[in-house]
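Before any comments, here is the structure.
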Amino acid sequence: MSRSPVQSVTLVLAAALAALPATAWAQRDTVPLTPMDTSPVPGATGPAPAPRITPFSNLGGEGPQQDTNAPVTFTADEVEYDRERGLVTARGKVEAWQGERLLRADEFTYDRNTGVTTARGNVQLLEPDGSVLFADYVELKDRFRDGVLEGVRALLAANGKMAANGARRTGGTISELGQVVYTACDLCKDDPTAPPLWQVQARRATQDKDALRISYRDAQVRMFGWPVLYTPYFSHPDPSTPRASGFLFPTFGITRFLGGFVAVPYFWAIDETSDLTIAPVFSTRQYPNLGLEYRKLFNSGEIQGSASIGGLNGKDTQGEKGLAGHIFLKGRFTVDEHWRAGFDLNRATNEIYLRTFRYDYRRVLTSQVYAEGFWDTEAYARFDARAYQGLRTTDDTRQVPYVLPNIFYERAPREKVLGGYLTMDAGLLGIYREIGSQSQRIATRARWERPEVDAAGGVWTFKVQGDALGYRAQGQQEPPINLPDANGTQALGNIRAAVDWRMPFVRDAGAWGSQTLEPRVQLVTGPRMVPQRTVPNEDSVDFEFTDANLFALNRFNGRDRQEGGSRVDTAMRGIWDFPNGGLVEGLVGRSFRLDNDFRSENPYPLSGLENRASAYVARLRVAPVAWFETIGRVRTNGEQPLKTQLVDTVATVSTGRVSTSAGYLQSVPLPYLNPVRRREEVGLGVAGRINDHWRVIVSGKYDLNLERMVLIQGGLVYEDECFILDARFVRRFAQDPTTLSEYAGNTMVLFRIGFKTLGEYYFRAI
């Protein structure tokens with residue numbers, strides 16, 4: 001059966017690619033790289049005497065820079081010189097170099113009259129950039145910069161491989177190749193003549209090492225030997241360059257929100273330290289959209305940012321219309337060995353725009369400028385100013401706060417003070433709103449701890465913590481604070497002293513490891529605090545009582561809420577350590593108030609601290625073997641221990657290539673959070689590696705209270721040395737809190753196809 005010319009070329013070039021050595025140095029001989037005396041030998045027509053050997057250690061990147069105009073020098077097993085014709089012929093392990101270029105061949109001929117060099121048999125040409133050319137026959141001139149090559153194969157950077165029937169090189173930088181095949185894929189070990197996973201096949205190609213690009217004419221992209229794309233012209237960066245300007249693979253598809261759409265991103269490498277990606281999006285249902293991504297490196301820092309501008313026409317956008325856009329910009333800079341500074345600028349038109357165009361969505365956008373200092377482990381300082389933007393239609397932007405200033409300084413001396421460790425801090429905070437509550441606060445705290453071990457092995461820790469706060473507040477009766485008794489100027493102080501005792505009882509379990517039982521008791525005392533409704537509250541809005549803060553001197557978050565009075569904290573901890581490194585560990589604890597008047601100090605209903613005897617808190621971690629672990633936290637009603645207020649648990653099983661995780665979350669309604677509702681969710685995720693190249697992940701979350709799914713997502717990934725296929729599906733069920741309708745951007749289907757060293761192709765359903 002006859003083959004077409006294209007098929008014949010493909011088979012020949014596939015065989016040529018298969019003939020490439022594993023590395024550029026696979027065929028290098030062991031003859032020392034030494035220059036020789038190439039001066040004429042009077043009357044010599046036969047083999048020359050053995051070459052004169054002199055030390056040589058200046059090839060490549062080490063030592064002084066090579067002179068690109070230096071004469072051609074070579075070594076060989078055998079050399080002949082024809083004086084009448086001016087021909088020097090070398091045979092057997094020939095190595096010839098000029099400047100930073102090295103030529104190896106079985107036979108080498110140099111015409112001293114014309115300066116033309118020819119080489120035959122296992123020809124290798126090593127370039128200054130590290131690439132290697134292989135050829136059956138080479139004819140070079142102008143100090144190896146110009147020439148013609150036959151039967152060309154090449155090993156390029158980033159695992160790039162190229163083969164061609166022939167090539168012509170000009171100036172050492174531009175190579176024109178005929179009947180070319182290029183790929184970055186490894187060939188099949190069982191059948192090296194088989195087509196690679198992908199390849200670019202073209203009638204002609206040009207490799208420009210100054211522009212760092214490879215351009216093709218009449219090109220086909222083939223997968224497993226089958227053509228999938230034809231283009232009369234195609235260009236991609238040379239594999240030796242990590243970044244170069246040019247169009248990226250287009251994005252196109254059909255979605256409910258956009259209809260038919262296409263995006264043609266362009267990457268602009270502005271200079272060595274900055275670049276810009278421009279991504280216009282055109283669709284049939286929405287206005288055009290333009291996205292930008294910018295990066296800039298400095299000697300002392302960097303700037304990164306993204307921005308977009310477009311429009312919403314009201315179709316599937318909850319009625320939102322008009323011009324829309326966003327900007328996310330951040331900068332980080334090092335000032336000196338102690339100080340660094342930065343800024344974040346984050347603004348967007350609305351929530352619908354970010355969700356539907358799949359830009360990085362955040363419930364609240366924070367913009368800030370800051371400077372922070374570090375002095376080893378002893379001191380830290382931060383100065384910042386912040387502005388927030390709420391994106392939901394229910395947010396009243398006039399009530400969104402501005403923070404100016406926010407100053408914090410902390411110091412922890414290395415030297416002990418009275419035998420213990422001292423930590424001190426001070427801060428200044430200002431909160432402003434266009435309408436509503438405003439406040440300024442100055443706060444300082446000093447904390448001292450001294451651990452001691454008694455003769456019986458008990459661990460005693462003595463603790464003292466003092467807080468001093470000053471407030472100036474107005475408009476506290478207005479939303480969102482709603483504390484009419486907190487207006488005015490006031491000063492507050494609080495001091496907490498504690499004695500913490502724990503006794504670890506350890507039992508040797510022999511072949512089963514060791515067991516530890518550790519009771520712990522802490523007595524905390526201090527003055528009772530004023531009713532919390534008389535104090536502004538900006539940084540202590542949320543609170544959750546768990547085992548993590550059971551023994552904290554002030555268990556409330558932030559500084560605006562202070563815990564006073566006396567109490568006793570108790571816990572029992574047990575741990576079983578196995579010889580294989582596994583363990584089972586658990587803790588149960590509870591706190592008891594010693595005074596009756598405490599409810600005015602606790603502004604958090606259903607938090608677990610609303611009664612004199614607190615709720616029970618517990619933790620359990622089970623990890624008996626390396627492939628299984630589960631950890632859970634529970635808070636139960638103090639009067640009804642079987643009635644849970646909080647359950648948060650996660651379990652993970654990893655068996656070889658498959659990892660499975662499951663979780664459960666349950667929380668009672670918290671009046672100080674919005675929306676006020678009971679939460680009960682379960683989640684399950686499975687991630688597996690099918691083989692060395694294929695990976696799959698599937699996960700989901702179900703709301704038991706709402707009786708519907710919250711999230712479904714899955715992904716399938718294939719990746720090898722030259723190709724990436726990434727398919728992902730994400731389905732959220734988020735609703736607009738005003739209309740209770742699902743957001744248009746809840747569903748996303750993403751396909752990512754990457755031809756390494758060529759570019760990537762994206763398909764995205766928004």
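The values are calculated or read from the model by the stated rules, or taken from the named source; none is laboratory data. Since we're looking at a predicted model, the values are computed, not measured. For neighbour counting, all protein chains shown are included, and Cβ atoms are generated from backbone atoms with ideal geometry for every residue, glycine included. In case anyone asks, the SASA skips ligands and DNA or RNA and just uses the protein heavy atoms, side chains included. Shrake-Rupley method; radii C 1.70, N 1.55, O 1.52, S 1.80 Å.
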Qualifying position, being open to solvent by less than 30 Å² (accessible area, probe 1.4 Å) and under 38 Å from the mean Cα position of the chain (by Cα), among Glu563, Glu629, Glu585: Glu585
Number of the condition not met by Pro196 [criteria: (1) without any contact (Cβ under 8 Å) to a residue 60 or more places away in the chain; (2) of a type outside the set (Ser, Thr, Tyr); (3) buried (at least 19 other Cβ atoms within 10 Å of the Cβ); (4) in a loop (DSSP other than H, G, I, E, B)]: (1)
Residue count for the range 494-516, restricted to those that are at negative phi and surrounded by 14 or more Cβ atoms within 10 Å (Cβ to Cβ): 13
Qualifying residue in the range 128-145 (condition: at pLDDT 90 or above, in a strand (DSSP E or B), open to solvent by less than 60 Å² (accessible area, probe 1.4 Å) and among the charged types (D, E, K, R)): no
Selection within the range 284-312 - modelled with pLDDT under 90, under 13 Å from Phe357 (Cβ atoms), open to solvent by 30 Å² or more (accessible area, probe 1.4 Å) and not charged (D, E, K, R): Tyr287, Pro288
Residue match in the range 703-723 (condition: touching a Leu at 6+ places or on another chain (Cβ under 6 Å) and under 30 Å from Thr393 (Cβ atoms)): no
Yes/no for Val264 being modelled with pLDDT of 90 or more and of a type in the set (A, V, I, L, M): no
Residue count, the range 575-607 (criterion: modelled with pLDDT of 85 or more and within 16 Å of Val634 (Cα to Cα)): 7
Yes/no for Phe551 being open to solvent by less than 30 Å² (accessible area, probe 1.4 Å) and touching a Phe, Trp or Tyr at 6+ places or on another chain (Cβ under 6 Å): no
Residue selected from the range 224-243 under the condition modelled with pLDDT under 90 and outside any loop (DSSP other than H, G, I, E, B), by the criterion surrounded by the most Cβ atoms within 10 Å (Cβ to Cβ): Pro237
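Residues are listed down the side, and each one gets a yes or a no for (1) buried (at least 16 other Cβ atoms within 10 Å of the Cβ); (2) modelled with pLDDT of 90 or more:
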residue: Tyr702; (1), (2): yes, yes
residue: Leu711; (1), (2): yes, yes
residue: Gly714; (1), (2): yes, yes
residue: Val717; (1), (2): yes, yes
residue: Asp720; (1), (2): no, yes
residue: Phe723; (1), (2): yes, yes
residue: Arg728; (1), (2): yes, no
residue: Gln735; (1), (2): no, no
residue: Thr738; (1), (2): no, no
Every residue from the range 675-727 that is part of a loop (DSSP other than H, G, I, E, B) and hydrophobic (A, V, I, L, M, F, W, C): Val676, Ile690, Leu704, Leu706, Cys722
Any pair with Cβ under 8 angstrom, 6 or more apart, that starts in the range 533-550 at a residue that is part of a helix (DSSP H, G or I) and ends at one that is among the basic types (Lys, Arg) and open to solvent by less than 20 Å² (accessible area, probe 1.4 Å): Asn549/Arg555
Yes/no for Arg695 being over 30 Å from Val541 (Cα atoms), open to solvent by 60 Å² or more (accessible area, probe 1.4 Å) and among the charged types (D, E, K, R): yes
Some residue of the range 452-464 being within 40 Å of the chain's Cα centre (by Cα) and part of a strand (DSSP E or B): no
Scan of the range 70-127 for residues that are small (Gly, Ala, Ser) and more than 13 Å from Phe144 (Cα to Cα), ordered by number: Ala76, Gly86, Ala90, Gly92, Ala105, Gly121
Residues satisfying the stated conditions in the range 609-626, i.e. part of a strand (DSSP E or B), open to solvent by less than 50 Å² (accessible area, probe 1.4 Å) and under 16 Å from Arg590 (Cβ atoms): Ala613, Val617, Ala618, Arg619
Residue tally, condition of a type in the set (D, E, K, R) and surrounded by 21 or more Cβ atoms within 10 Å (Cβ to Cβ), over the range 147-170: 3
Residue, farthest from Asp210 (Cα to Cα), within the range 96-110, restricted to residues that are crowded, with 16+ Cβ neighbours inside 10 Å and at pLDDT 90 or above: Glu107
Restricting the range 633-648 to residues that are without any contact (Cβ under 8 Å) to a residue 24 or more places away in the chain and in a strand (DSSP E or B), the residue that is nearest to Arg593 (Cα to Cα): Thr636
Looking only at the range 171-190, and only at residues there that are modelled with pLDDT under 90 and surrounded by fewer than 16 Cβ atoms within 10 Å (Cβ to Cβ), the one that is farthest from Pro239 (Cα to Cα): Asp190
Long-range neighbours under 9 Å by Cβ, at least six apart or interchain, first residue more than 15 Å from Ile327 (Cβ to Cβ) and in contact (Cβ under 8 Å) with a residue 12 or more places away in the chain within the range 284-304, second aromatic (Phe, Trp, Tyr) and in a strand (DSSP E or B): Thr284/Phe261; Arg285/Phe261; Gln286/Phe261; Pro288/Phe282; Phe298/Phe333; Ser300/Phe333; Gly301/Phe333; Glu302/Phe333
Residue check, Ala511 outside any strand (DSSP E or B), closer than 30 Å to Ser437 by Cβ and out of contact with any Asp or Glu (no Cβ under 7 Å at 6 or more places or on another chain): no
Pairs where the first residue, in the range 305-316, is among the β-branched types (Val, Ile, Thr) and the second is open to solvent by 30 Å² or more (accessible area, probe 1.4 Å) and at pLDDT 75 or above, C-beta under 8 Å, 6+ apart: Ile309/Leu290; Ile309/Leu323
Boolean, Leu469 is closer than 30 Å to Asp542 by Cβ, buried (at least 16 other Cβ atoms within 10 Å of the Cβ), in contact (Cβ under 8 Å) with a residue 40 or more places away in the chain and touching a strand residue (DSSP E or B) at 6+ places or on another chain (Cβ under 9 Å): yes
Qualifying residue in the range 594-608 (condition: assigned to a loop (DSSP other than H, G, I, E, B), within 30 Å of Trp694 (Cα to Cα) and open to solvent by 50 Å² or more (accessible area, probe 1.4 Å)): no
Cβ-Cβ under 6 Å pairs, at least 6 apart or on other chains, the range 693-710 side touching a residue at least 24 places away in the same chain (Cβ under 8 Å), far side aromatic (Phe, Trp, Tyr) and assigned to a strand (DSSP E or B): His693/Tyr718; Trp694/Tyr718; Met709/Tyr702
Boolean, Tyr287 is among the aromatic types (Phe, Trp, Tyr), farther than 29 Å from Gly427 by Cβ and outside any strand (DSSP E or B): yes
Qualifying residue in the range 486-503 (condition: in contact (Cβ under 8 Å) with a residue 40 or more places away in the chain and either hydroxyl-bearing (Ser, Thr, Tyr) or part of a loop (DSSP other than H, G, I, E, B) (or both)): yes
